[in-house]
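Only one structure is covered here, and it is reproduced in the block below.
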Amino acid sequence: MKSFTYERVDTPQAATAAFAANTGARYIAGGTNLLDLMKLEIETPTHLIDISRLELNGMGETEDGGFRIGATVRNTDLASDMRVRKDYALLSRALVAGASGQLRNKATTAGNLLQRTRCPYFYDTNQPCNKRKPGSGCAAIGGYNRQLAIVGGSASCIATYPGDMAVALRALDASVETMTTDGKGRTIPLGQFYKPPGDTPHLDTVLAPGELITAVTLPKPVGGTHIYHKVRDRASYAFALVSVGAVIQKDGSGQVAFGGVAYTPWRVEAADAELPRGAKAVTAKAFADAEPREHNAYKLTLAQRTLGAVLAQAKG
Ligand code: SF4
């Protein structure tokens, strides 16, 4: 691991000021992904700004009837909150499907959003990878791509977004609140938060340098049946090959997002309208632009069957 300096800050303003004052700075809270990447020297920050003690660890209803989750709320606390379990059960179920109990005890809401891909070539520093080293190439395209994206990628990168929480948040129409280094706040719908890869796959999100996530907000509860179904190679502590997060209403309408199949948490709003017609109709629309490759074409069939199982369960 490369050497680095460390400081702990008490306010969001102090965090962004510290970032602006230190070239090569990174924020750290739970550190469940960043520390692994630092040990492999994939990430080499020269200065860590510890934001874990910021007063951004509260949750509560918003004035418009929605729900606000502080950036440093731990995944375990979020998943077990009774208001979340009652009104946003999809989020709670997606969180519990992710990682392990120990990791969820440390991992934060903002850190979960910002976890980096688990493309095996990204972690193998002997291989070319545009996301790790811009312009070096992509070993996955033409390589072994069983875990990689069938949709949303580019000629530079076909990595999959690895998380579960953001799939649920995407289905629930969440937004991300941030504070920039000049003290301004902004709200970014989650559907616009992750950057398509284009020819800059090293940039995962639209966040500006030093922009601090302060909260995630959810709109008013929509009712319905909330289901998160994750298909993976082993029963726990594994990333999704395919996951489906859905809210299904009694009349068959609803909202659905997919994980494990795309460069970002994948939702095509026009596909939601097909939910009453069944899984085949939904996936035909959601994956109309899919470009399956030699080892990952199975994900198209698996996505349709997983959604079929979710719809059958919702009919119950
Ligand atoms: Fe790197 Fe993306 Fe290619 Fe994987 S798919 S090797 S992360 S550029």
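The values are calculated or read from the model by the stated rules, or taken from the named source; none is laboratory data. This structure is a prediction, so every number in the text was calculated from the model and none was measured. Neighbour counts run over all protein chains shown; Cβ positions are idealised from the backbone, glycine included. Heavy atoms of the whole protein, side chains included, go into the accessibility calculation; ligands, DNA and RNA do not. Shrake-Rupley method; radii C 1.70, N 1.55, O 1.52, S 1.80 Å.
Which residues, counting only those in the range 35-55, are basic (Lys, Arg) and not in a helix (DSSP H, G or I)? Can you show your working first?
At the first step, the residues of the range 35-55 found to be basic (Lys, Arg) are 39, 53.
Arg53 - this is the single residue of the range 35-55 that is basic (Lys, Arg) and not in a helix (DSSP H, G or I).
In the range 162-197, what residues are away from the ligand (no atom under 12 Å from the Cβ) and over 18 Å from Ile69 (Cα atoms)? Step through it out loud before you land on a result.
Residues of the range 162-197 that are away from the ligand (no atom under 12 Å from the Cβ), as a first pass: 163-196.
Scanning the range 162-197 gives Thr180, Thr181, Asp182, Gly183, Lys184, Gln192, Tyr194, Lys195, Pro196.
Taking the options Thr205, Thr214, Thr178, name whichever one is in contact (Cβ under 8 Å) with a residue 60 or more places away in the chain and touching a Gly at 6+ places or on another chain (Cβ under 8 Å).
On the way: Thr205 fails: touching a Gly at 6+ places or on another chain (Cβ under 8 Å); Thr178 fails: in contact (Cβ under 8 Å) with a residue 60 or more places away in the chain.
That would be Thr214, the only listed residue that is in contact (Cβ under 8 Å) with a residue 60 or more places away in the chain and touching a Gly at 6+ places or on another chain (Cβ under 8 Å).
Do you know which of the residues in the range 101-122 that are over 16 Å from the mean Cα position of the chain (by Cα) and touching a residue at least 60 places away in the same chain (Cβ under 8 Å) is nearest to the ligand (Cβ to nearest atom)? Explain how you work it out, then say what you get.
Taking the range 101-122 first, the residues over 16 Å from the mean Cα position of the chain (by Cα) are 101-102, 105-106, 120-122.
Okay, now just the ones that are also touching a residue at least 60 places away in the same chain (Cβ under 8 Å), so 106, 122.
On the way: Lys106: 24, Phe122: 4 Å.
If we take residues in the range 101-122 being over 16 Å from the mean Cα position of the chain (by Cα) and touching a residue at least 60 places away in the same chain (Cβ under 8 Å), then Phe122 is nearest to the ligand (Cβ to nearest atom).
Applying the selection to the range 141-156, what residues are open to solvent by 10 Å² or more (accessible area, probe 1.4 Å) and within 11 Å of the ligand (Cβ to nearest atom)? If you could, list the steps in order and put the result at the bottom.
Here is the first cut: in the range 141-156, the ones open to solvent by 10 Å² or more (accessible area, probe 1.4 Å) are 141-144, 146-147, 152-156.
Within the range 141-156, Ile141, Gly142, Gly143, Tyr144, Gln147, Gly153, Ser154, Ala155, Ser156 qualify.
Looking at Ala159, Ala97 in this structure, which one is of a type in the set (A, V, I, L, M) and within 16 Å of the ligand (Cβ to nearest atom)? Outline the logic, then answer.
Details: Ala97 fails: within 16 Å of the ligand (Cβ to nearest atom).
It is Ala159.
Condition first: within 17 Å of His229 (Cβ to Cβ) and buried (at least 23 other Cβ atoms within 10 Å of the Cβ). Now tell me which residues in the range 73-91 satisfy that. Even if it seems obvious, please write down each step before you answer.
First, pick out the residues of the range 73-91 that are within 17 Å of His229 (Cβ to Cβ): 79, 88-91.
Answer for the range 73-91, where residues must be within 17 Å of His229 (Cβ to Cβ) and buried (at least 23 other Cβ atoms within 10 Å of the Cβ): Tyr88, Leu90, Leu91.
Kindly check whether there is at least one residue in the range 182-198 that is out of contact with any Lys or Arg (no Cβ under 7 Å at 6 or more places or on another chain), in a loop (DSSP other than H, G, I, E, B), within 22 Å of Glu43 (Cβ to Cβ) and among the hydroxyl-bearing types (Ser, Thr, Tyr).
no
Provide a single number: the residues in the range 12-33 that are surrounded by 16 or more Cβ atoms within 10 Å (Cβ to Cβ) and touching a residue at least 60 places away in the same chain (Cβ under 8 Å).
So the answer is 12.
Among the residues of the range 127-140, is there at least one that is of a type outside the set (Ser, Thr, Tyr), open to solvent by 60 Å² or more (accessible area, probe 1.4 Å) and near the ligand (Cβ under 9 Å from one of its atoms)?
Here is the first cut: in the range 127-140, the ones of a type outside the set (Ser, Thr, Tyr) are 127-135, 137-140.
Now restrict to residues that are open to solvent by 60 Å² or more (accessible area, probe 1.4 Å): 127, 133-135.
Subset that is near the ligand (Cβ under 9 Å from one of its atoms): 127, 133.
Within the range 127-140, one or more residues are of a type outside the set (Ser, Thr, Tyr), open to solvent by 60 Å² or more (accessible area, probe 1.4 Å) and near the ligand (Cβ under 9 Å from one of its atoms).
Identify the single condition in (1) touching a Pro at 6+ places or on another chain (Cβ under 8 Å); (2) under 16 Å from Gly198 (Cβ atoms) that Gly135 does not satisfy, given that it satisfies every other one.
(1)
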